[in-house]
Amino acid sequence: MKAPRWLPGPATAALVAAGGVAGAVAVAAGHPFVDLLAYRHGGDSVLAGSSPYASDDPVTGLPFTYPPFAAVLMAPLALLPHWLAAAVWTAASAAALGGSVVLVRHALGRTTSAWAAVALSVAALALEPVWQNLAFGQVNLLVLLVVLADVLRSDRRLAGVALGVVAGVKLTPLVFVALLVLVGRRAAAARAVLAFAATVAIGYVAVPGATSYWTERLLDPRRVGPPALAHNQSVSGALTRLLDGVPPTAVWAAVAGTLALGVLAGAAARWRGGDPVLATCLASVAMLLASPVSWSHHWVWAVPVALVLWERSRWAAVAWAAVFVTRPILWPPWGGGRELGWSAPEHVVGNAYLLAALALAAWAVRAGRRAPTSVPY
């Protein structure tokens, strides 16, 4: 099947221009785009020949928490004025959101006009992970598009390369390599591993102090913020809140590993049953469960999940979207360690994203075989 058309013509211009203008106006109004500033700090450090891990961003006080290769890719952003970097970044994120909508609907056998894609993208702004990404200047929408495009078309000759490269920017997409292995797309998985290895090598060569990321920072959940914070909707975050402290590695690995592997096995089963879109969404759930930190803005995968659910159950899609629009994770007291004092009902509400993902996985196990078959590329 032919690849989808990527928001052609006036719709593309409207979506991208709106994103760019929004980014520039936000900077003019004093909005900091704090994560974008941290990215630019990493890129600026590489250009200056210093380690991005040696100091925090002087404007926000945030550390650069990504692999060394990410700092290399962020270097061009450091060359731009902040207003222009924000405009370019927001425009690219808006385009990635629209592209992801088109790609998922195409894989589900649905045609999508350009303006319909824009309308769905605007509607997706109501989901907290999406608007948080745009507000912080986060990279997740770009990662979402790359992973979807590469995994859902994993029979192409160079499939896997883009996945490996994006894993060099953010490690969690490596979960999709495991999915490719499980579904028999081993050539794509091998290319992803080789591409990822190349990003590691480039990071070692181009970034001073690259070793410190792999030896000191990688497994420290505190490097990206308080693990107990309600926004951390991973298994590790839930355990931290439940146990009043970061769980022992063995406990976290046992719980998160078991859940993630179970969901990943279900994803592979759905793929082999002819449903690669649902399988890819389930693999994203496994990724978010397994990661030590899954901030709420990492959950942009709520968008493709909502599109998949809409084809299977309107009520399920509405319920899923409602969780991410209303963000109940912040209904209980949060911040300043108050999550450690949650009552049992507050733990349920405060882990809503995580519990919704587990409910999705359980639904997929029961209903996946009865779902309409997705249209492969």
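Any read-out appearing in this document is the output of simple, stated calculations on the displayed coordinates, not a laboratory observation. Since the model is a prediction, treat every value here as computed from it, not as a measurement. FYI the Cβ positions are ideal-geometry reconstructions off the backbone, even for glycines, and counts take in every protein chain you see.
Things to note:
- Neighbours of SER343 by Cβ distance under 15 Å: Lys/Arg scored +1, Asp/Glu scored -1, total -1.
- Extension gain from TRP363 to LEU340, taking 0.36 nm per residue of separation minus the Cα-Cα distance: 5.3 nm
- Mean separation of Cα contacts under 8 Å (6+ apart) over length of region 1-82, as relative contact order %: 28
- Contact order normalised by residue count of the chain, Cα under 8 Å, 6+ apart, percent: 19
- Ranked from largest, the principal axis spans of the Cα set of region 207-311 equal 43, 38, 24 Å.
- Ranked SER51, SER113, criterion: other C-beta atoms within 10 Å, fewest first: SER113, SER51
- Hydrodynamic radius of region 222-377 per Kirkwood, over alpha carbon pairs, in Å: 15.9
- The value of relative contact order for region 222-377, using C-alpha pairs under 8 Å at least six residues apart, is 30 percent.
- Region 156-207: trypsin sites (Lys or Arg not before Pro) falling in loop per DSSP and having at most 11 other Cβ within 10 Å: ARG157
- Computed label-point distance, nm, for sites VAL318 and GLU216 using a 7 Å Cα→Cβ extension: 5.3
- Gained length - ALA48 relative to ALA265, 0.36 nm times residue gap less alpha-carbon distance: 73.6 nm
- Taking N as the residue count of the chain, its C-alpha radius of gyration divided by 2.2 N^0.38 Å amounts to 0.95.
- Choice from VAL101, VAL122, VAL130 showing the highest fluctuation, given a GNM over the chain with Cα pairs closer than 10 Å: VAL122
- Alpha carbon convex hull of region 197-268, volume per residue in cubic angstrom: 131
- Cα convex hull of region 132-245, projected area averaged across orientations, nm²: 8.7
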